[in-house]
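The values are calculated or read from the model by the stated rules, or taken from the named source; none is laboratory data. Remember, it's a predicted structure, so these values are computed and weren't measured experimentally. Glycine also receives a Cβ, built like all others from the backbone with ideal geometry; neighbour counts cover every protein chain displayed.
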Amino acid sequence: MNDRSIVLRYEGGESQRLDKYLVSALPDFSRTRLQTLIREGQVSVDGKVVLKCGTMLEQGQEVRVLLLPSQPAGLVPESIPLDIVFENDDLIVVNKPAGMVVHPSAGHAAGTLVQAVLAHAPEIAGVGGVLRPGVVHRLDKDTSGLILVAKNDVAHRWLQDQFRLRRVEKEYLALVDGHPPTRSGRVEAPVGRDALHRQRMAVTSITKGRQAVSEYHTLESFAQHTLLLVRPLTGRTHQIRVHMAFLGCPIVGDTLYGRRKPSLPITRHFLHATRLKIFLRGEKASRIFETPLPADLASLLDNLR
């Protein structure tokens, strides 16, 4: 992609934050991407580079946005096979395998979902931010199932709004140790960082965590285990795992929130994002995407039966 500039002139009557103005003036770009461009020195006001998103604009000032190739060094596309459930010009629905990290992070510099999608659809580079292009929501490394990746900034903002307005419905299959207190129920318990173990999340007070709501329904009961369908109504880190442990029935194989030694022969936690309902841009009716349990979890369940 060749470098290009967008030149604007602020005609507002009152002073306004630079990032707020750019969001309204450039609706095809996400707020995250515009703020990143500012911090990376790619925005100037009256010919002077500014690095603060909160820089105040005055009447008549010229704002120039320089669009550089947005893929950062180190984020290298990798030709990793993807199980694509659906794709159009706006997004890709991927059935992520267990063991794959969504985006590069400490200890996971390669082999991520983002790098695989970059090889498949190079146009996602920079969408929603250069380090996590296309990412709208995440799944834990050892959670398998459906995940959305936006292919352009307009779609990224659309999908973010769908999650924010809770118009996206997600369902997970979870095999848990023991049995929940009721066959169906709703957990409303704030989730935040564990004060004693910073790598963990925990149920906390509302002042130390964020509102978190999960609904569950029993699909099958076994002597020492239960297969649940779980619907998270919010999207907190490790929410389902924390809420199930809070109920006294942690997810099988979850050594972080459950038993240190799994109760069944499994090498990861039994959690699979099986169903996703969402409104796509330009469509009036919702779409439903589904994917069955992967072979390792299906086999474990068959053995229980």
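Please state which one of VAL101, VAL85, VAL117, VAL94 is part of a helix (DSSP H, G or I), in the same structural domain as ALA150 (by TED's automatic domain parsing) and in contact with a strand residue (DSSP E or B) (Cβ under 8 Å, 6 or more places away or on another chain). It would help to see each step written out before you state the result.
Working: VAL101 fails: part of a helix (DSSP H, G or I); VAL85 fails: part of a helix (DSSP H, G or I); VAL94 fails: part of a helix (DSSP H, G or I).
Just one listed residue meets the conditions, VAL117.
Sort through LEU18, LEU34, LEU57 and tell me the only one that's closer than 30 Å to ALA121 by Cβ and of a type in the set (A, V, I, L, M).
LEU34
What about ALA273, is it in contact with a Ser or Thr (Cβ under 8 Å, 6 or more places away or on another chain), of a type in the set (Gly, Ala, Ser) and crowded, with 17+ Cβ neighbours inside 10 Å?
So ALA273 passes the test.
Specify which of the listed residues (LEU219, LEU233, LEU228, LEU173) is of a type outside the set (Asp, Glu), closer than 20 Å to LEU293 by Cβ, in contact (Cβ under 8 Å) with a residue 24 or more places away in the chain and surrounded by fewer than 18 Cβ atoms within 10 Å (Cβ to Cβ).
Checking each option against the conditions leaves just LEU219.
GLY192: surrounded by 15 or more Cβ atoms within 10 Å (Cβ to Cβ) and either assigned by TED's automatic domain parsing to the domain that holds ASP296 or free of Cβ contacts under 8 Å to residues at least 60 places away in the same chain (or both), yes or no?
Values: surrounded by 15 or more Cβ atoms within 10 Å (Cβ to Cβ): yes; either assigned by TED's automatic domain parsing to the domain that holds ASP296 or free of Cβ contacts under 8 Å to residues at least 60 places away in the same chain (or both): yes.
When the stated conditions are applied, GLY192 passes them.
Name every residue in segment 27-56 that is part of a loop (DSSP other than H, G, I, E, B), surrounded by fewer than 18 Cβ atoms within 10 Å (Cβ to Cβ) and under 28 Å from the mean Cα position of the chain (by Cα), in order of residue number.
Residues satisfying the conditions are PRO27, ASP28, GLU40, GLY41, LEU51, LYS52, GLY54.
Given the conditions (1) in contact with a Ser or Thr (Cβ under 7 Å, 6 or more places away or on another chain); (2) modelled with pLDDT under 95; (3) closer than 17 Å to LEU175 by Cβ; (4) among the hydrophobic types (A, V, I, L, M, F, W, C), report the number of the one that PHE279 does not fulfil.
For PHE279, the failing item is (3).
Which residue pairs have Cβ atoms under 9 Å apart, sit 6 or more places apart or on different chains, and have a first residue in segment 128-148 that is on the phi < 0 side of the Ramachandran plot and a second that is in a loop (DSSP other than H, G, I, E, B) and hydroxyl-bearing (Ser, Thr, Tyr)?
VAL130/SER70; PRO133/SER70; ARG138/THR237; ASP140/THR237; ASP142/THR267; SER144/THR291; LEU146/THR291
Please list, ordered by first then second residue, the pairs with beta carbon atoms under 8 Å, 6 or more apart or interchain, first in segment 8-21 and under 16 Å from GLY54 (Cα atoms), second in a strand (DSSP E or B) and among the polar types (S, T, N, Q).
TYR10/GLN16
Given SER144, SER205, SER221, which one is more than 26 Å from SER30 (Cα to Cα), within 14 Å of the chain's Cα centre (by Cα) and not acidic (Asp, Glu)? Give the steps one after another, and end with the answer.
Values: SER205 fails: within 14 Å of the chain's Cα centre (by Cα); SER221 fails: within 14 Å of the chain's Cα centre (by Cα).
That would be SER144, the only listed residue that is more than 26 Å from SER30 (Cα to Cα), within 14 Å of the chain's Cα centre (by Cα) and not acidic (Asp, Glu).
Given the options LEU219, LEU227, name the one that is within 20 Å of ASP140 (Cβ to Cβ) and among the aliphatic types (A, V, I, L, M).
Sole residue among the options that is within 20 Å of ASP140 (Cβ to Cβ) and among the aliphatic types (A, V, I, L, M): LEU227.
Suppose we filter segment 104-114 for residues that are assigned to a loop (DSSP other than H, G, I, E, B) and surrounded by 13 or more Cβ atoms within 10 Å (Cβ to Cβ); how many remain? Walk me through it before giving the result.
Kept after step one, since they are assigned to a loop (DSSP other than H, G, I, E, B), are these residues of segment 104-114: 104, 106-107, 109-112.
Subsequent filtering for residues that are surrounded by 13 or more Cβ atoms within 10 Å (Cβ to Cβ) retains 104, 109, 111-112.
Qualifying residue count for the region: 4.
Name the residues in segment 131-157 that are part of a loop (DSSP other than H, G, I, E, B), out of contact with any Phe, Trp or Tyr (no Cβ under 7 Å at 6 or more places or on another chain) and either in the same structural domain as ALA174 (by TED's automatic domain parsing) or of a type outside the set (Val, Ile, Thr) (or both), would you?
LEU131, ARG132, PRO133, GLY134, ARG138, LEU139, ASP140, LYS141, ASP142, LYS151, ASN152 - these are the residues of segment 131-157 that are part of a loop (DSSP other than H, G, I, E, B), out of contact with any Phe, Trp or Tyr (no Cβ under 7 Å at 6 or more places or on another chain) and either in the same structural domain as ALA174 (by TED's automatic domain parsing) or of a type outside the set (Val, Ile, Thr) (or both).
Considering only segment 265-289, state which residues are of a type in the set (D, E, K, R) and either without any contact (Cβ under 8 Å) to a residue 40 or more places away in the chain or not assigned by TED's automatic domain parsing to the domain that holds VAL242 (or both).
GLU283, LYS284
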